[in-house]
Amino acid sequence: MFQRILVANRGEIALRVIRACKEMGIEVVAVFSEADRGAPYLDLADAAYCIGPAVSKDSYLDIKRIIAAAEIADVQAIHPGYGFLSENPHFAEVCRSCKIEFIGPPEGAMLKLGNKTEAREVARAAGVPTVPGSPGPLLDDKEALKLAREIGYPVLIKAAAGGGGKGMRVAHNDISLQTGLAQARAEAQAAFKDSTVYIEKYLEQPRHVEVQLLGDHYGNMLHLGERDCSLQRRHQKVVEETPAPGLRPEVRDAMCQAAVRLARESGYNNAGTCEFLVDKNQNYYFIEVNARLQVEHPITEMVTGLDLVKWQIRIAAGDKLPFCQDDIKNVGAAIECRINAEDPAANFRPSPGKITVWRPPGGLGVRLDTHVSAGYTVPANYDSMIAKLIVYKPTRTEAIACMRRALDEFHVEGIKTIIPLHREIFNHTSFIEGQVDTTFIERNLLSR
Ligand code: ADP
């Protein structure tokens with residue numbers, strides 16, 4: 001096992017990894033930018049190194065600085081968390097060539113799956129249904145127009161290197177397709193230095209259902225069940241739950257097996273997630289693989305009893321999974337609310353600043369993953385998510401009641417958060433009945 005690990009991330013996920021290391025008896029080294037200097041979670045690490053200024057490209061995204069810190073700290077492995085360098089195959093390669101283990105999948109699998117058009121090919125090779133659309137990257141506008149007429153409008157333009165909803169545009173006709181292609185290419189070029197785009201049929205009010213995967217270096221690839229992440233705003237997840245309400249058991253099983261096949265096809269190991277869209281008839285279509293730990297991993301931990309971060313570390317250290325698929329038993333219902341520092345009353349404008357009052361909820365079935373507390377200043381430089389409120393109960397009905405109670409207890413002053421939006425969601429009849437899809441929030445809560 002590793003003696004010392006570096007966490008190449010910040011905020012709640014850095015703390016999540018620090019906690020796992022402590023429980024495993026592994027020393028843990030944190031890194032921080034100038035904007036995070038003095039953050040309380042850094043005191044919980046065995047050491048912490050400044051890696052540069054607030055701007056991510058010169059700190060959390062700067063491979064040279066992170067490797068320098070890792071060498072000075074003499075660590076054997078790096079945990080990348082999510083976001084930042086977590087899905088960067090070049091970073092994984094640099095780590096391994098410096099004899100530092102990258103806690104994540106092999107770079108070959110990351111390369112294949114990180115590109116969405118290539119990932120669609122892997123899916124097809126594994127016999128996994130994909131959303132109807134381009135066979136590969138789009139060559140030119142002419143091909144896009146021809147394809148769009150074949151599959152029928154509306155279509156969705158997507159960036160091959162995409163993530164975080166960037167470079168995505170819906171087109172309803174030839175004209176909006178042409179303007180959308182130009183915009184999506186420019187956005188993709190700016191965000192990912194790769195302007196390659198492709199198109200997919202735009203599914204009407206689909207659900208987003210994803211499968212958690214866990215595999216070792218010895219050919220054992222398991223699924224840990226599904227998560228419904230349909231509650232989104234601007235294609236970004238807001239609430240996640242497991243099990244997916246109302247999903248037919250045979251559909252769930254088929255999706256989970258499809259995800260395992262796809263992972264095997266790409267030579268995957270460690271933790272990962274296979275994302276699908278599900279239409280009204282519960283047909284499922286692969287959209288992408290996230291070759292890393294997901295923000296919403298805690299809900300899977302609650303229902304399986306498995307600590308995903310610890311398993312990531314053990315797998316990277318060469319351990320064999322000591323359980324098989326039949327040993328994985330998902331019990332109960334878990335839900336997560338992302339608590340973002342944003343103002344729902346001002347079109348979700350980020351709301352950084354000093355937290356003056358922080359009264360978090362507690363009690364049976366409540367887990368709060370956060371690095372913040374009263375007196376903490378939320379920097380303006382990073383993602384607005386500051387906490388994840390997770391509940392775990394025997395049934396969905398009880399989990400909803402618990403979340404409603406926890407949201408009522410949660411009191412924050414000094415900054416704005418999206419807690420009021422969550423309160424509305426958990427009081428909405430359609431949500432309570434499990435009638436969810438990716439347009440739920442926009443249709444039911446933001447259109448008034
Ligand atoms: P990103 O990697 O940028 O987050 P994804 O491919 O994971 O993009 O898609 C994010 C979300 O966008 C999905 O959960 C869904 O809400 C929406 N979406 C993606 N593809 C489609 C599609 N073909 N039809 C309808 N909605 C889609």
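The values are calculated or read from the model by the stated rules, or taken from the named source; none is laboratory data. Since the structure is predicted, the reported quantities are computational estimates derived from the model, not experimental observations. Neighbour counts are summed over all protein chains in view; Cβ atoms, including those assigned to glycine, are modelled from backbone coordinates with ideal geometry.
Taking segment 201-219 as the region of interest, how many residues are part of a strand (DSSP E or B) and either more than 16 Å from the ligand (Cβ to nearest atom) or among the aliphatic types (A, V, I, L, M) (or both)?
The total comes to 5.
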Lone unmet requirement of (1) out of contact with any strand residue (DSSP E or B) (no Cβ under 7 Å at 6 or more places or on another chain); (2) within 13 Å of the ligand (Cβ to nearest atom) for ALA186: (2)
Cβ-Cβ distance below 6 Å, separation of 6 or more or different chains: which pairs start in segment 142-160 with a residue that is within 10 Å of TYR198 (Cα to Cα) and end on one that is β-branched (Val, Ile, Thr) and in a loop (DSSP other than H, G, I, E, B)? ALA160/THR196
For segment 266-310, the count of residues that are more than 13 Å from the ligand (Cβ to nearest atom), over 14 Å from GLY225 (Cα atoms) and surrounded by 21 or more Cβ atoms within 10 Å (Cβ to Cβ) equals 6
With the condition being among the hydrophobic types (A, V, I, L, M, F, W, C) and modelled with pLDDT of 95 or more, I'd like the strands (runs of 3 or more DSSP E) fully within segment 9-82 carrying at least 3 qualifying residues. 27-33, 47-52
Quick one: in segment 239-265, of everything that is within 26 Å of TYR218 (Cβ to Cβ) and buried (at least 24 other Cβ atoms within 10 Å of the Cβ), which residue is farthest from the ligand (Cβ to nearest atom)? ALA263
Verdict on GLY165 being within 15 Å of the ligand (Cβ to nearest atom), surrounded by fewer than 20 Cβ atoms within 10 Å (Cβ to Cβ) and within 30 Å of ALA14 (Cα to Cα): yes
Selection status of LYS142, of a type in the set (Lys, Arg) and under 25 Å from SER266 (Cβ atoms): no
Unmet criterion (only one of (1) in contact with a helix residue (DSSP H, G or I) (Cβ under 8 Å, 6 or more places away or on another chain); (2) at pLDDT below 95; (3) under 25 Å from MET385 (Cα atoms); (4) of a type outside the set (Val, Ile, Thr)) for GLN232: (2)
All conditions in (1) over 21 Å from ALA263 (Cβ atoms); (2) within 12 Å of the ligand (Cβ to nearest atom) are true of ARG149 except (2)
